[in-house]
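The values are calculated or read from the model by the stated rules, or taken from the named source; none is laboratory data. All of these numbers come straight from a predicted model, not from anything done at the bench. As a convention, Cβ positions derive from the backbone with ideal geometry for all residues, glycine included, and neighbour counts pool all protein chains shown.
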Amino acid sequence: MARQSALKQERRPPGQTVAETAPAKLDRLIHERLRLGILSALAANESLTFNELKKLLKTTDGNLSVHARKLEDAHYVSCTKSFEGRLPKTEYRLTAAGRRALEKYLDHMEALIQAMRER
């Protein structure tokens, strides 16, 4: 039991279950489908280019750009822009803060799943 969820440690009002109090604690920045996909893909890879992420997540340039920027503004991902020949290259990496936030989010989701299975 090395990984104990914060959900099990927090106090809830009498009669409330973990599932009833937990949704307010979710990291709303990560909970959005495309942003969760970006973080998950970067957690599994050292880095990915804009085009690799776009292909992997099956999304548009504009959609990926907006969501990647939100993660960058939160310091969850870092973005490096360069050129390969005459072509621009944008590369993303998961930051330490992003990895911690993703792990916290996953721990929270695991606790919710466990609470629902125990019912």
Worksheet item: Take the residues of segment 57-83 that are of a type in the set (A, V, I, L, M, F, W, C) and buried (at least 16 other Cβ atoms within 10 Å of the Cβ): which is farthest from residue 41 (Cα to Cα)?
Response: 74
Worksheet entry | Residue under evaluation residue 92, criteria (1) at pLDDT 95 or above; (2) surrounded by 15 or more Cβ atoms within 10 Å (Cβ to Cβ); (3) part of a helix (DSSP H, G or I), criterion not met | (3)
Item to complete: Check 44, 101, 22, 97 and return the single one that is modelled with pLDDT under 95 and small (Gly, Ala, Ser).
Response: 22
Worksheet entry | Residues being part of a helix (DSSP H, G or I), over 21 Å from residue 96 (Cβ atoms) and within 12 Å of the chain's Cα centre (by Cα) - total across segment 31-82 | 2
